[in-house]
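These notes concern the structure reproduced below.
Derivation of every value follows stated rules applied to the coordinates shown; laboratory data play no part. In this text, all values refer to a predicted model and were calculated from it rather than measured experimentally. Positions of Cβ are generated from backbone atoms using ideal geometry, with glycine treated the same way; all protein chains shown enter the neighbour counts.
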Amino acid sequence: MNLPLSWLKDYMNTDGIDDATFTHMLTMSGSMVEGIENPSKEINNVVVGKILSVEPHPDADKLVVCQVEVGEDAPIQIVTGAPNVFEGAVVPVAKHKSTLPGGIKITKGKLRGVTSMGMMCSTDELGISDERATGILILPEDTPVGANIVDVLGLNESVAEFEITSNRPDCMSIIGLARETAATFDRPFSIPEIIVHENAESIHDYASVEIQNPELCSRFVGRVVKNVTIAPSPEWMQRRLKACGIRAINNVVDITNYIMLEYGQPMHAYDLDHVAGRKIIVRNAKEGEKLETLDDQPRELQASMIAISDTEKAIGVAGVMGGANSEVSEDTTLVMFEAANFHPVAVRRGAKALGMRTEASALFEKGLDAENCMDAINRACQLMEELGAGEVVGGIIDLYPGKKEQRVLPFEPEKMNRFLGLSVSEEEMIQILNRLDFKVEDGKIFVPTFRNDIEGMADVAEEVARIYGYEKIPTTMMQGGVTVGGKNKKQKLEDAIRDSLCDAGLYETVTYSFIDPKENDMVLIPESDVRRKMVVISNPLGEENSVMRTDMLSSMMKVLRTNYNRRNLEAGIFEIGTVYLPQGETLPRETQVVAMGMYGMGDFYDLKGKVEQLLEEIGIFAYGFEPCTDNPSFHPGRCASLILNGKAVGVLGQVHPKVAGTFKVGADVYCALLDFEALLSGYTTDRQFKQLPKFPATSRDIAVLLDASVNVGEIEKIIKKQNSPILEGFKLFDVYQGEQVDAGKKSVAYSLSFRADDRTLTDDEVNAVMEKILADLEKELSAQLR
Amino acid sequence: MQEQLTAIREAATGALNQAETLAALEELRIQYLGKKGELTAVMKGMGQLSPEERPLVGQLANQVRSEIETALDEKKNALEAEAANAKILNETIDVTMPGKRSGKGKKHPLTTVLDDLKDIFTGMGFTIAEGPEVELDYYNFEALNIPKDHPARDTQDTFYIDENVVLRSQTSPVQVRTMEQQKPPIRVIAPGRVYRSDAVDATHSPVFHQVEGLVVDKGITMADLKGTLEVFVKKLYGEETRLRFRPHHFPFTEPSAEVDISCFNCGGEGCRICKGEGWIEILGCGMVHPRVLSGCGIDPEEYSGFAFGIGLERITMFRYGIDDLRLYFENDIRFLEQF
């Protein structure tokens, strides 16, 4: 919403309020000023000049040399290429050392060797028009030479741009903003009386109106003006319209737009001679009904829209746009003005369905005050008279099926003070409310009809607070019930996982949670896999962001791809990412996956080490890994399942080279995907102190020869199976395949450590366990001691 | 014999002074003091001496032995000190060579700033609430006083799954879910992902993060809202930061406000970052709308509350001077390692 500040003077005294104060005060009272523009501030040293002579340029066919009288001792010489200059023309002249809108500086110079002391200006150069002009602006002959162009053209107009919130349609009008301004500065506010000199005829002899759907049209006010002369509207009106971003058309149309700006009430003007039966009917549109709107576009209406029609055909879409068939044109002589109130939802749906959000529909869809219609239409008639544009016919058609009771609320000053944490006196509250046109009497607040947003104490409290000043509300600390803050177990685990994986050298990522369904193919998820069942967005930005992910692998791969493409030599990343799993109910199950990914940072065992460290740091020690050969996304020989409590709860391994290739990562990629819920059920921060050993440990190293295909995990299972109380620990320290052992065999070496809490172990005790282990290794794995 | 002893003393002292290594010194000890050493050999001849001579020579012999021992010790200490010094000198390294690192990764900058927020609010007695991202239309809109056909629900803003299910466009639905499950006193923050149908550019992303805050109790005032947010802002941006509460409108709070902070870059003078205004908008807030409270079964006559919503990407941008939202989601390691 744009407000030319000079327009405020119609309703209040604005003396002494400068632009900066206005901006600050209105913003702080709730009408956000986004900026104040005054293009004339950029115009300096531009005056009215008169061209005394026009001579051809000696060296350029398209240039001419002019002598221009600018109110100084001698004329100045200006070279121009403009085609429309002539001797005697009065024009704007930007002199040497002048400025124009857009920060343009004009200084003297030479054009093809001839001195030019400035520039003659076109409308766009002066910022009056947005369109590129074809020539210099020619001013009336009697314009005083040497006068400041800003004064001559009345350009000195500051226009404030407001961001008006959707609850305040009343502020989508000059009067509404003036009321706010007056209330903010605590100055008197009044709307000039509207006087209409109607003739002795009756409107009922000219036109009639019928509302067939009163639930969608709560009021329709019409007045007729006869003997209309269509002409351009006066310059002052055009300037105000332009400042508000509206193009002038003719006096009748301009008046409707002017009223819409001034009162926030959309208006329409019908050429009554083109309204069949001179009858206006408000009704539901028929499905598929055709209408050409004012913008000359053919439209097809829907049953949910409100149509304005005559006795034969539709002549407008209510609240959105009128029809071309009853449009006011050059030869219009009989006009009917409409100021009506249409249902906000119906207008909004209609505008949306037609794909045309107009200024009128934007107002109606916020819900307007039906009481405003009468003043708006009378003001339009007053302007018709003032402009000499026609003769107002006596009488008014006013159909008002939806008149609302004025809302009355209890006046609760103490409650409001308690709610706000303020102590404003009752008198001051009343005074503030009065400034906003609320009446307070006998403990009751009478809410003005244009404030449909005021429904209860909290709303009134806001009115008081914003005018009193939010900045005057003190800052206090909450009293009341004590609450113990903190993180729950899940949130603490998230922190612990982040700490562990950062320590392990991985960087945390944040990736989009919607993906392209094609990514399922890219990571080789089988067609029948349950992860193919996804939550689908019905209005996605594009196919690439159209389904909610059920797996984190492609999210990891996309980040690795980005880093690989950008020639980062190595990348290690992780994310505790949410996946969205449809489960046959209204909402999907949202669960988290701890995803890790890396290239250039080692091999499978580096990744596995990070997983093991993570598990132990969150208190999970009873874990195992088993080969996983059937996950199509991973290398079948380099992939393991993480086993907790006998269940596979994660996968880690080298991403299948085909997948890495699809993502164009030319390095071995390792990823892990661990089920967060499973980690959560094992997560503990409990630790139990164990006495430091008092007796020495005995260590034994063994090397066994076995089939190369046997995983060392099998050996460890056998060692663990002994359940020996004196076995303190064991560690793999060598795996050898090569010349020293037979083909198809490998040598595996372990170091075992034995210790008892209460004594030094004897060789016999240790040997007994070792022998048992070796025997089992031989029996179960055919392992030979080397 | 006395001459022999003095001769040994002379020779030993001289040799000791010449010795340059600990090994040479040990050889000299064996030569003079060892079981087969010179002094021992002389002592062995003491039996042949007269009883008168024996104590005199014995005394001299002990004296010589003691002197040689002392000299040996002194020399040994000196040589050891010399060797230690030489070793230290040999161990000199180039301390200007780079240090060795353990190769740590880092948390995402959004997480780091969110962690700060969590610390600040948990310290004020808040717990952390969570809610689904694929959310019922009811929680995302209707229960927040945004009925069907409210302009805020335009499909160009919100991603829909179907008529009743959306990708939540704000974290505010967690307010409603919390109030349905928990009776006052309530103090929660609810950080999380939200979704809006905005094309990607430097300041827009279809996925971003909000941190919702909600307090409901008896006697909660708008002054409490101001006080709580002032504590938060000053802890996050520094004690000298000033706040400005500006009236605004949200359907689910009344009164509502937007909060600006004095520009961290220019301190309020006006600069490029604050677009010359001296103020930067960082959050929206207000008193929980009575209709929202009663919709959750909380009597607005008895209880009041406030709520706020912070854009995590925005406050993180200001914290680190990040100028493009896309960087957060690209996850280039060279970006992530800076924080």
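Loop exposure criterion: GluC sites (Glu not before Pro), DSSP state outside H, G, I, E and B, at most 13 other Cβ atoms within 10 Å. Applied to chain A, the longest stretch between such sites is A:586-738.
Taking only pairs that are 8 or more places apart or on different chains, how many Lys pairs in the range A:200-319 have Cα atoms under 27 angstrom apart? Mind dumping the intermediate values first?
Numbers: A:K226/A:K279; A:K226/A:K313; A:K279/A:K290; A:K279/A:K313; A:K286/A:K313; A:K290/A:K313.
Lysine pair count for the range A:200-319: 6.
When the square roots of the Cα gyration tensor eigenvalues are ordered a ≥ b ≥ c, the ratio a/c for the range B:109-336 is 1.5 or more and a/b does not exceed b/c, which makes its shape oblate.
Distance cut-off 28 Å, Cα to Cα: go down the list A:K492/B:K235; A:K492/B:K106; A:K9/A:K403 and report the pairs above it. Before the final figure, lay out the partial values.
On the way: A:K492/B:K235 22 Å; A:K492/B:K106 17 Å; A:K9/A:K403 32 Å.
Pairs exceeding the cut-off: A:K9/A:K403.
Ranking B:A7, B:L33, B:A83 by how far each Cα lies toward the positive end of the dipole of the range B:2-90 (charges on Cβ) leaves B:L33 at the top. Treating each Cα of the protein assembly as shown as an identical point scatterer and summing with the Debye formula, the log10 of I(q)/I(0) at q = 0.04, 0.09 Å⁻¹ comes to -0.39, -1.21. The residue among A:S546, A:V530, A:L501 whose Cα reaches farthest toward the positive pole of the charge dipole of the range A:492-547, with charges on the beta-carbon of Lys, Arg, Asp and Glu, is A:V530. Report the residue, chosen from B:K234, B:K106, B:K35, that carries the largest GNM mean-square fluctuation when chain B is represented by alpha-carbon nodes joined by springs under 10 Å. Looking only at B:K234, B:K106, B:K35, the largest GNM fluctuation is found for B:K35.
Rounded to the nearest 0.05, what FRET efficiency do A:E426 and B:D299 give with R0 = 25 Å and r taken as the Cβ-Cβ distance? Could you check?
Calculated value: 0.45.
Which of the trypsin sites (Lys or Arg not before Pro) found in the range A:233-328 are loop residues per DSSP with 12 or fewer other Cβ atoms within 10 Å of their Cβ?
Details: sites: A:R239, A:R240, A:K242, A:R247, A:R278, A:K279, A:R283, A:K286, A:K290, A:R299, A:K313; in loops: A:R247, A:K286, A:K313.
In loop regions of the range A:233-328 (DSSP not H, G, I, E or B), the sparsely surrounded trypsin sites (Lys or Arg not before Pro) are A:R247.
For chain A, the longest principal axis of the C-alpha atoms and the axis of helix A:19-28 are separated by about 60°. Dipole magnitude for the range B:2-90: about 280 debye, using +1 per Lys or Arg Cβ and -1 per Asp or Glu Cβ, origin at the Cα centre. With contributions of -39500 (n - 2.57) from each DSSP H run of at least four residues, the per-residue ellipticity at 222 nm computed over chain B stands at -13000 deg cm²/dmol.
Determine, from the Cβ-Cβ distance of B:L89 and B:S66 and an R0 of 35 Å, the FRET efficiency 1/(1 + (r/R0)^6), rounded to the nearest 0.05. Please report the intermediate quantities before stating the final value.
Numbers: r = 35 Å, r/R0 = 1.00.
Taking R0 as 35 Å, the efficiency between B:L89 and B:S66 is 0.50.
Given +1 at the Cβ of Lys and Arg, -1 at the Cβ of Asp and Glu and no other charges, the dipole of the range A:395-535 around its Cα centre is 340 debye to the nearest 20. Applying 1/(1 + (r/R0)^6) with R0 = 35 Å to the Cβ-Cβ distance of A:D734 and B:Y320 gives a FRET efficiency near 0.15. With axes computed from alpha carbons, what is the tilt in degrees of helix A:251-263 against the longest principal axis of chain A, rounded to the nearest 10 within 0 to 90? Taking the Cα atoms of chain A, the angle to A:251-263 is about 50 degrees. Over the range A:118-263, what relative contact order in percent results from Cα pairs under 8 Å that are six or more residues apart? Value for the range A:118-263: 17 percent.
Simple point charges give the picture: +1 on the Cβ of Lys and Arg, -1 on the Cβ of Asp and Glu, and for the protein assembly as shown a dipole about the Cα centre of about 3040 debye. By how many degrees, 0 to 90 and rounded to 10, does the Cα axis of helix B:222-237 deviate from the longest principal axis of chain B? It works out to around 40 degrees. Write out the trypsin sites (Lys or Arg not before Pro) in the range A:659-711 meeting two conditions: DSSP loop, and at most 14 other Cβ atoms within 10 Å of their Cβ. Sparse-neighbourhood loop trypsin sites (Lys or Arg not before Pro): A:K664, A:R687, A:K690, A:K694.
Ignoring lysines fewer than eight residues from A:K489 along the same chain, the ones with Cα atoms less than 16 angstrom from its Cα are B:K118.
Enumerate by residue number the GluC sites (Glu not before Pro) in the range B:79-128 meeting two conditions: DSSP loop (anything except H, G, I, E, B), and at most 11 other Cβ atoms within 10 Å of the site's Cβ. It would help to have the intermediate numbers written out before the result.
On the way: sites: B:E80, B:E82, B:E91; in loops: B:E91.
Answer by residue number: B:E91.
Projecting the Cα atoms of A:G600, B:I282, B:N17 onto the charge dipole of the protein assembly as shown (Cβ charges, centred on the Cα centre) puts B:N17 farthest toward the positive pole. Shown here is the pair-distance distribution of the range B:2-90: with all Cα-Cα distances grouped in 10 Å bins from zero up to the longest one, the shares run 16, 44, 24, 11, 4, 1 percent.
Any idea what the relative contact order of the range B:109-336 is, in percent, if you count C-alpha pairs under 8 Å spaced at least 6 apart? Present the calculation step by step, with values, prior to reporting the outcome.
Working: 430 pairs, mean separation 46.8, N = 228.
In percent, rounded to a whole number, it is 21.
According to the square roots a ≥ b ≥ c of the eigenvalues of the Cα gyration tensor, what is the shape class of the range A:152-238, taking rounded for a/c under 1.5, prolate for a/b larger than b/c otherwise, and oblate for the remainder? Taking the square roots of the gyration eigenvalues as a ≥ b ≥ c, the range A:152-238 is oblate. For chain A, the 222 nm mean residue ellipticity estimated from helices alone, with every DSSP H stretch of n ≥ 4 adding -39500 (n - 2.57) and the total spread over all residues, rounds to -7500 deg cm²/dmol. Full extension of the chain between A:E72 and A:D10 yields a length gain of 18.5 nm, computed as 0.36 nm times the residue separation minus the alpha carbon distance.
Here the simple spin-label model places points 7 Å from the Cα toward Cβ, and for A:L761 and B:T112 these points are separated by 4.8 nm.
For the range B:120-166, averaging the sequence separation of C-alpha pairs within contact (under 8 Å, six or more residues apart) and dividing by the residue count gives a relative contact order of 41 percent. From the square roots a ≥ b ≥ c of the eigenvalues of the alpha-carbon gyration tensor of the range B:131-214, which class results: rounded (a/c under 1.5), prolate (a/b over b/c), or oblate? Because a/c hits 1.5 or more and a/b fails to exceed b/c, the range B:131-214 counts as oblate.
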